Structures are given as structure tokens and as C-alpha cells.
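Okay, here's the structure, questions in a sec.
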């Protein structure tokens, strides 16, 4: 066994931990900014409604878009809740995904869409 293998493994572990930590830190900052913006817009809308002003359609569209999660790279889009704890193994190897549940959920939604389509076709004919 080469004498430098131990140092290479330590370097890889430290680099992996620091990259994961940085990634989670940036993600939490993105979520914090998103929720702060969401709260600010909702407070402005509440003030307008309390005064009796009409809320414009563009403001409503912006609120609808804001109701969605920040993006496909966000934790919520991957199924990670903010209060989830991250262990050392997960920091080094990453989070395991459960493809079985995702497949079952996808099939369930496909069945629901198919049933809606059948009802629409029956109503149309």
C-alpha cells in the first residue's frame, strides 16, 4: 500500500465534506431569500386588501408563481425538508433517492389524468 494513500483519502473526505457544506449553505440562503420575498409580497397584498384597494392581476400572477418552490435544485423539489438532519454518511455519499415511491406516485398521477380524460371524452360525446 502506498504511503500517501491515507493522505489522499483524508483530502478527498475533507473536500467532499466542504463541498456538501457549501452547497447546503447556499441552498439555505436561497430558501431564506425566497421566503423573505414571499412574506414581503404577501404583507403588501394584505395591506392593500385591508385598505380596500383592488389587487391587480399581475400581482396575483406574481403571488401564484411565488407560491411554487424556488427551483428544481431546491431542497423541497428533491423532497428534503428544512428540519431534516444530515448525517456524516449522507454528507460524504449524498442522499439516497427512493425510485420506487417516485414511480408509484407517477403511476398514480397518470391514472388520475387518464380518468379525467375519459370523463371529458364521455361528457363531450
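The values are calculated or read from the model by the stated rules, or taken from the named source; none is laboratory data. Quick caveat, the model's predicted, so the values are computed rather than measured. Heads up, the Cβs are rebuilt from the backbone with ideal geometry, glycines too, and the neighbour counts pull from every protein chain shown.
Results for (1) modelled with pLDDT of 80 or more; (2) assigned by TED's automatic domain parsing to the domain that holds residue 19; (3) within 30 Å of residue 16 (Cα to Cα), shown as yes or no for each residue.
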{"site": "58", "(1), (2), (3)": "yes, yes, no"}
{"site": "74", "(1), (2), (3)": "no, yes, yes"}
{"site": "84", "(1), (2), (3)": "no, yes, yes"}
{"site": "104", "(1), (2), (3)": "no, no, no"}
{"site": "118", "(1), (2), (3)": "yes, no, no"}
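Inspect all residues belonging to the stretch 23-41 and state whether any of them is touching a residue at least 60 places away in the same chain (Cβ under 8 Å), surrounded by 12 or more Cβ atoms within 10 Å (Cβ to Cβ) and within 23 Å of residue 94 (Cβ to Cβ).
yes
Only one of these conditions is not met by residue 99: (1) within 13 Å of the chain's Cα centre (by Cα); (2) at pLDDT below 70. Which number is it?
Checking residue 99 against (1) within 13 Å of the chain's Cα centre (by Cα); (2) at pLDDT below 70, the one that fails is (1).
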